[in-house]
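Structure record follows, encoded as structure tokens.
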Amino acid sequence: MDKETQLVEELVKNALYRIDENTRMIKKSLTEISEEEVWQKPNASLNSIANLLLHLCGNISQYIISSLGENEDDRQRDGEFSAMGGLTKVEVLEKLEDVVDTAKRVIFDATPNQLVKMRSVQGFSLSGVGIILHAVEHYSYHTGQIAFWVKELKNKDLGFYDGMDLNFKNGTTL
């Protein structure tokens, strides 16, 4: 296998892993809150967890499915933030999971040409690699906000890494 193929495979593998980790943490967070809490806003300047999930659906769809996947962009960004209900906790999670599953297929199937092709998304000029990095970083950012808000609501550690030794030292052979 040549180095280019190895690099593409490594990028894809790690992007998909990070996406799955974020999805796992969001699902774990949602088990801790009620139907009412998923739409509750901490204050007027912040979004509810449901708004953040809808926003993630829109962002991942626009960047990965539409741009990287070369499909039509039909995102309605303002609606992601203005929604005040209408979906249950399960429904908004299912919507996110559907978008994430589609995005993961697009990333997995991306060709080297798609990964280096430059395109404009939300006015930013990005390669396919840049698009993947943006989407994964953006997903992680909002996953952290969701986890923080649930911890604030419940005064509870969410135990994302229960059973793992996070004091494992760098350089230790696995």
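Taking the chain as a Gaussian network, where each spring joins two C-alpha atoms under 10 Å apart, which residue of Val116, Val150, Val106 fluctuates the most?
Val116
What would the Debye equation give as log₁₀ I(q)/I(0) for the chain at q = 0.08, 0.13, 0.16, 0.17 Å⁻¹, counting only Cα atoms as equal point scatterers?
-0.28, -0.71, -0.99, -1.08
Using a Gaussian network model of the chain whose springs link C-alpha atoms within less than 10 Å, name the residue from Gly69, Gly58, Gly85 with the highest mean-square fluctuation.
Most flexible of the set in this elastic network: Gly85.
According to a simple spin-label model (label point 7 Å from Cα along Cα-to-Cβ), what is the distance in nm between Asp20 and Asn43?
3.9 nm
List every residue whose amide H lies under 5 Å from the amide H of Val121, counting only residues 5 or more places away in sequence or on a different chain, with H placed 1.01 Å from N in the peptide plane.
Those qualifying (amide H under 5 Å, at least 5 residues apart or on another chain) are Leu126.
Using Cβ contacts closer than 10 Å as the measure, can you line up Leu115, Leu11, Leu52, Leu68 from fewest to most?
The order, fewest Cβ neighbours first, is Leu11, Leu115, Leu52, Leu68.
Once the other residues with Cβ under 14 Å from the Cβ of Val106 are scored (Lys, Arg +1; Asp, Glu -1), what is the net sum?
-2
Compute the distance from the alpha-carbon center of the stretch 134-174 to that of the stretch 3-57, in whole Å.
11 Å
My understanding is that a pair violates if its Cα-Cα distance is over 27 Å; which of Lys41/Lys104; Lys28/Lys95; Lys28/Lys104; Lys95/Lys169; Lys41/Lys95; Lys13/Lys117 do that in this structure?
Exceeds cut-off: Lys41/Lys104; Lys95/Lys169.
Can you compute the modelled spin-label distance between Ser82 and Glu32, with each label point 7 Å from Cα toward Cβ, in nm?
In this crude spin-label approximation the distance works out to 3.2 nm.
Can you tell me which of Asp162, Asp73, Asp101 moves the most in a GNM of the chain? Springs connect C-alpha atoms under 10 Å apart.
Asp162
Evaluate the relative contact order of the stretch 3-154 (contact order divided by residue number), counting alpha-carbon pairs under 8 angstrom at least 6 apart; express in whole percent.
33 percent
Bear in mind these aren't lab numbers, they're just calculated from the coordinates by the rules spelled out. Computed from a predicted model, the values in this text were never measured in an experiment. For neighbour counting, all protein chains shown are included, and Cβ atoms are generated from backbone atoms with ideal geometry for every residue, glycine included.
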